[in-house]
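Below is one structure, written out as structure tokens; comments come after it.
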């Protein structure tokens, strides 16, 4: 059997964390078993679906690197097919027109709630024959009333639901447009999806969809329902917990591999291993190792993972993502040090690419002022002489190399009888604007001779104007 999985988001908002994990698990399962992964945009909710949301989903999938083999397919392109299936169900007696008004249904629901009954349609129109001219109607699927539906869930085990607990769901609205539970069944059938991997908030839909598939004589896919992702407070993850949009994590400076690694561990494990390459995820992923219980989102853990990826990934790869963040700060990274060298210099101290970009600005453009605290501590009487001596020594350097520059700083400290910090720190503030930077030899190498000398001279003038 050729494996085929799908990710089927609704374009009513951004690609959120839960959706990204569902896409990842579906993608991994297809890649693990030599199958195909489909992207399907379920856009039949015409009032809420937007092109902006479609674009956000596609952007998120691209950033994560979850390439799809087929699609994106759009359900709004298949309305004729759905219409034909609905007519087929009507013709074979597995669907019927329902003329109950909204007011009638609301009254029914209120009565059921008052009697502490499960709210559901009572089948009033179930045995009517044919449509009634001039009256608006929805179309309902005639769900079996006897026996049970057993979902052989690949994660949770067998889930048994009595058919009498399922009401006759609407498969076509008054205007004729199909509903979710109908379209998803038709698409899974037509696209020959073999494994439906999705959140366990869909468990209530699954037996209904299985019954429609059976009515159509279709082969049932295998189902796997993923546990929910919770916020730190134990409630379902939502906007109030912070960044739940995939692209917000991009904006906050996370590498896509770090987010994928974190998401794969939210509900799945392979021994005690914490860090996985994409290839290792594909190699080891198995649905039977997905946890049954929900997982809590831990931003600190994600931050730790991101730092591991920044430190250990190919610097050229990190630089490619850093470039976008530099652009967000109005900096053209081609007009300064090579970004790969910048990553190597900054990766130990920066946990996110936002931090790295902010910490690298002074390499590409002059700062307007010195950090007040750093200047007060290091630009003391006599520091202008230290800086002037450094300026002279650096001016004479013909090959601008870190080892040579470091030795000049060390030698000057010895010559002037000063601790190394009394030379290196005023120099660091002079060229960076603050007391924090990579090692001074690395900092000077990246800045280059021209910028270094200009900034030292500026600092000399600043100190002398203070006194």
Inset, instruction - Assess whether residue 316 counts as being closer than 30 Å to residue 345 by Cβ and either surrounded by fewer than 14 Cβ atoms within 10 Å (Cβ to Cβ) or without any contact (Cβ under 8 Å) to a residue 12 or more places away in the chain (or both). - result: yes
Legend entry - Single residue of 357, 375, 459, 388 found to be in contact with a helix residue (DSSP H, G or I) (Cβ under 7 Å, 6 or more places away or on another chain), assigned by TED's automatic domain parsing to the domain that holds residue 333 and at pLDDT 95 or above: 357
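Being assigned to a loop (DSSP other than H, G, I, E, B) and touching a residue at least 24 places away in the same chain (Cβ under 8 Å) is the filter here; which residues of segment 274-285 pass it? Spell out how you get there, then give the answer.
Kept after step one, since they are assigned to a loop (DSSP other than H, G, I, E, B), are these residues of segment 274-285: 274-277, 285.
Within segment 274-285, 274, 275, 285 qualify.
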Inset, instruction - Evaluate segment 169-176: report whether one residue or more is more than 28 Å from the chain's Cα centre (by Cα), modelled with pLDDT of 95 or more and closer than 29 Å to residue 287 by Cα. - result: no
Legend entry - Unmet criterion (only one of (1) part of a helix (DSSP H, G or I); (2) at pLDDT below 95; (3) touching a helix residue (DSSP H, G or I) at 6+ places or on another chain (Cβ under 8 Å)) for residue 185: (2)
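Which of the helices (runs of 4 or more DSSP H) found entirely inside segment 286-386 contain at least 3 residues meeting this: closer than 26 Å to residue 430 by Cα? Full working, then the answer.
Details: elements: 299-312, 315-328, 339-346, 353-364, 372-378.
Output list reads 315-328, 339-346, 353-364, 372-378.
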Legend entry - Single residue of 402, 433 found to be on the phi > 0 side of the Ramachandran plot and either in contact with a helix residue (DSSP H, G or I) (Cβ under 7 Å, 6 or more places away or on another chain) or modelled with pLDDT under 95 (or both): 433
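Looking at segment 189-208, which of its residues are part of a helix (DSSP H, G or I) and within 25 Å of the chain's Cα centre (by Cα)?
Of all residues in segment 189-208, those part of a helix (DSSP H, G or I) come to 189-190, 200-202, 205-208.
Matches in segment 189-208: 200, 201, 202.
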Legend entry - Which numbered condition residue 271 misses (of (1) part of a helix (DSSP H, G or I); (2) more than 30 Å from residue 186 (Cβ to Cβ); (3) without any contact (Cβ under 8 Å) to a residue 60 or more places away in the chain): (1)
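Suppose the filter is outside the structural domain of residue 359 (by TED's automatic domain parsing), touching a helix residue (DSSP H, G or I) at 6+ places or on another chain (Cβ under 9 Å), crowded, with 17+ Cβ neighbours inside 10 Å and free of Cβ contacts under 8 Å to residues at least 60 places away in the same chain; does residue 444 pass it?
Details: outside the structural domain of residue 359 (by TED's automatic domain parsing): yes; touching a helix residue (DSSP H, G or I) at 6+ places or on another chain (Cβ under 9 Å): yes; crowded, with 17+ Cβ neighbours inside 10 Å: yes; free of Cβ contacts under 8 Å to residues at least 60 places away in the same chain: yes.
Considered against the rule, which asks whether it is outside the structural domain of residue 359 (by TED's automatic domain parsing), touching a helix residue (DSSP H, G or I) at 6+ places or on another chain (Cβ under 9 Å), crowded, with 17+ Cβ neighbours inside 10 Å and free of Cβ contacts under 8 Å to residues at least 60 places away in the same chain, residue 444 comes out as yes.
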Legend entry - Which numbered condition residue 243 fails, given (1) surrounded by fewer than 20 Cβ atoms within 10 Å (Cβ to Cβ); (2) at pLDDT 95 or above; (3) in the same structural domain as residue 293 (by TED's automatic domain parsing): (2)
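I want to confirm something. Restricting to segment 408-436 and keeping residues that are in a loop (DSSP other than H, G, I, E, B) and without any contact (Cβ under 8 Å) to a residue 24 or more places away in the chain, which single residue is nearest to residue 378 (Cα to Cα)? Can you show your working first?
Let us first name the residues in segment 408-436 that are in a loop (DSSP other than H, G, I, E, B), namely 417-419, 433-436.
Filter again for without any contact (Cβ under 8 Å) to a residue 24 or more places away in the chain, leaving 417, 419.
Values: 417: 17, 419: 13 Å.
The qualifying residue nearest to residue 378 (Cα to Cα) is 419.
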Inset, instruction - Spot the failing condition for residue 110; the list is (1) touching a helix residue (DSSP H, G or I) at 6+ places or on another chain (Cβ under 8 Å); (2) modelled with pLDDT of 90 or more; (3) outside any strand (DSSP E or B), and only one is missed. - result: (1)
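Taking the condition of being farther than 14 Å from residue 189 by Cβ and either in a helix (DSSP H, G or I) or out of contact with any helix residue (DSSP H, G or I) (no Cβ under 9 Å at 6 or more places or on another chain) (or both), how many residues in segment 75-97 meet it? Don't jump to the end; show me each part of the working.
At the first step, the residues of segment 75-97 found to be farther than 14 Å from residue 189 by Cβ are 76-77, 79-80, 83, 87, 90-97.
Checking the rest, the ones that are also either in a helix (DSSP H, G or I) or out of contact with any helix residue (DSSP H, G or I) (no Cβ under 9 Å at 6 or more places or on another chain) (or both) come to 76-77, 79-80, 83, 87, 90-91, 93.
Matching residues across segment 75-97 total 9.
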Inset, instruction - Please state which one of 119, 144 is outside any helix (DSSP H, G or I), surrounded by fewer than 18 Cβ atoms within 10 Å (Cβ to Cβ), in contact (Cβ under 8 Å) with a residue 40 or more places away in the chain and in contact with a helix residue (DSSP H, G or I) (Cβ under 9 Å, 6 or more places away or on another chain). - result: 144
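Can you tell which of 176, 234 is part of a loop (DSSP other than H, G, I, E, B) and touching a strand residue (DSSP E or B) at 6+ places or on another chain (Cβ under 8 Å)? So that I can check it myself, show each step before the final result.
Working: 176 fails: touching a strand residue (DSSP E or B) at 6+ places or on another chain (Cβ under 8 Å).
Going through 176, 234 in turn, the sole match is 234.
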Inset, instruction - Can you tell me which residue among 171, 159 is buried (at least 18 other Cβ atoms within 10 Å of the Cβ) and either in a strand (DSSP E or B) or not assigned by TED's automatic domain parsing to the domain that holds residue 268 (or both)? - result: 171
Inset, instruction - Given the conditions (1) in contact (Cβ under 8 Å) with a residue 60 or more places away in the chain; (2) within 23 Å of the chain's Cα centre (by Cα), report the number of the one that residue 41 does not fulfil. - result: (1)
Legend entry - Yes/no for residue 57 being farther than 25 Å from residue 1 by Cβ, buried (at least 18 other Cβ atoms within 10 Å of the Cβ) and over 16 Å from the mean Cα position of the chain (by Cα): no
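The values are calculated or read from the model by the stated rules, or taken from the named source; none is laboratory data. Please read these numbers as outputs of a predicted model, since none were measured by experiment. Cβ coordinates were reconstructed from backbone atoms using ideal geometry, including for glycine residues, and neighbour counts include every protein chain displayed.
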